[in-house]
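We did not get these values from a lab; they are worked out from the coordinates using the rules stated. No experiment lies behind these values; they were computed from the predicted model shown. Quick reminder, even Gly has a Cβ in these numbers, built from the backbone with ideal geometry, and neighbours come from all protein chains shown.
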Amino acid sequence: MFSTSLLKQKFFWLITISILGISAVQYFFSDTPDLQEIDRELYYFPIFVAAMRYGMRGTMIALAAVYFVYIPFIVHTWKGSIEHQSARILDLIFYFMFAFGAGYLADRDRRIRAELERNRLIISLGRITSAIVHDLKNPLISMIGLLERLSKGKGDCMTYIPVILKDAYRMKRIVDDVLDFARPVKLNREECSLASVIRQAVEMCREKAEKAGIRIGTDLADIQTSADSFLLERALINVISNAIEASSRGSEVDISLRRDDDSALIAVRDHGSGMDQETIDHCFEPYFSRKKGGNGLGLPITKRIIEAHGGQVEIRQPKSGGTLFKIFLPV
């Protein structure tokens, strides 16, 4: 892909060559009236390109360049009659009117788009801030209530302290998720076994699965790759945890690892009720969550980690039910 500076340079040369080329035709075919009529109209093209790409300032510079080469041509072909040159003089006026109008509209369009982008950013920040405050508010209210009772000599410390710690850890997890999503993903790559990383993620979710009455089945090939095993494990924990929560008691979450051409394919499938289309379309957006108590950052963080490894994430809805989560990683 071209960089912005390269694109700007290309447009600059397009405008310059257009003006010089049109002017060259003007001078070489000054005795051909029909061709002169066409050439005068062609000057609108570089002016229009300058307006669309550079706004009013660029348009005025392009207009000055057109005047710089066209006015000497008018003088060079002057035949002593103002009537003979009136069309060319009117062209100079029309060039200015067109350049001013095109530059004004281009600048106004840029201002409108910039304002819309600022408004979109403010709305997004407001939505994110509201979600963070909402997630922190409930455990904070619970902690304050319990601490106030303890400060008045009411209640039992040994009963309240585990509850306060649980809420404190919940708040810490929310803050950690927000920080992880906000900062860029930095990988510490090393040669590792993907099967070992998956097994470690499964073990981290084992207790949650047992409490929910969910079995976890694995079918893992032996595939080595260069990856950040810590971040990759965290991404897999998010996916496996979601699969456990989506499953009904007594069902199974199936996890497989196999080669798929030049990639490793990690598939995590639950046998729950599946996702509706809206959830599939928005599940990777931050703070979109249909789960009670979810903060909507787990899957967006997972997607960022996988893409930082050069991989991609897909969600499928098998006809037999449930949700199939596919992770492709280069090997």
message = Compute and list, largest first, the equivalent-ellipsoid semi-axes of the stretch 131-182 from the alpha carbon gyration tensor, each √(5λ) rounded to a whole angstrom.
response = 26, 11, 6
request  = Give, rounded to the nearest 20 debye, the magnitude of the charge dipole that the stretch 121-280 has about its Cα centre when Lys and Arg contribute +1 at Cβ and Asp and Glu contribute -1 at Cβ.
outcome  = 900 debye
request  = Identify, among Pro330, Pro286, Leu220, the residue whose Cα sits farthest towards the positive end of the charge dipole of the chain, taking +1 on the Cβ of Lys and Arg and -1 on the Cβ of Asp and Glu, with the dipole about the Cα centre.
outcome  = Pro286
ask   = Treating the beta-carbon of each Lys and Arg as +1 and of each Asp and Glu as -1, no other charges, what is the dipole magnitude of the chain about its Cα centre, to the nearest 20 debye?
value = 1300 debye
ask   = DSSP H helices in the chain with Cα extent of 24 Å or more along the helix axis and mean Kyte-Doolittle hydropathy at least -0.5?
value = 4-28, 44-76, 82-151, 157-182, 194-212, 229-246
key: Fully extended contour minus Cα-Cα distance, from Thr129 to Ser196, at 0.36 nm per residue   = 20.4 nm
request  = For Ile17 and Glu148, calculate 0.36 nm times their separation in residues minus their Cα-Cα distance, and state this gained length in nm to one decimal.
outcome  = 39.4 nm
ask   = When a footprinting reagent is the concern and you count Cβ atoms within 10 Å, what order do Val253, Val202 take, fewest first?
value = Val202, Val253
ask   = What nm distance separates the two modelled labels at Met52 and Phe28, each placed 7 Å from Cα along Cα→Cβ?
value = 2.6 nm
query = What FRET efficiency do you get for Arg189 and Met275 if R0 is 41 Å and r is their Cβ-Cβ distance, rounded to the nearest 0.05?
reply = 0.80
query = For the chain, modelled as a Gaussian network with Cα springs under 10 Å, which listed residue fluctuates most, Pro286, Pro72, Pro318?
reply = Pro72
task = Report which label in [x] 1.05; [y] 1.15; [z] 1.26 holds the value of Rg/Rh (Cα atoms, Kirkwood Rh) derived from the coordinates of this structure.
result = [z]
Over 28 Å between alpha carbons, listed pairs Lys172/Lys303; Lys166/Lys326; Lys137/Lys326; Lys172/Lys319 = Lys166/Lys326; Lys137/Lys326; Lys172/Lys319
message = Running a GNM on the chain with Cα contacts under 10 Å, which residue among Ile240, Ile38, Ile15 ends up with the highest mean-square fluctuation?
response = Ile38
message = Just to be sure I understand the model, the point goes 7 Å from the Cα along the line to the Cβ. What's the resulting Phe100 to Leu116 distance in nm?
response = 2.8 nm
message = Assuming 0.36 nm per residue, please report the length gained on full extension of the stretch Val69 to Leu92 beyond their Cα-Cα distance.
response = 7.1 nm
query = Most exposed first by the Cβ proxy, i.e. fewest other Cβ within 10 Å, how do Ser151, Ser273 rank?
reply = Ser151, Ser273
task = Find which of Ile305, Ala182, Ile17 sits farthest along the positive direction of the dipole of the chain, computed with +1 on the beta-carbon of Lys and Arg, -1 on that of Asp and Glu, about the Cα centre.
result = Ala182
note = Summing -39500 (n - 2.57) over every DSSP H run of at least 4 residues in the chain and dividing by its residue count gives a helix-only mean residue ellipticity at 222 nm, to the nearest 500 deg cm²/dmol, of -23500 deg cm²/dmol
note = If one builds a Gaussian network model of the chain from Cα atoms under 10 Å apart, the most fluctuating residue listed among Ala201, Ala168, Ala65 is Ala65
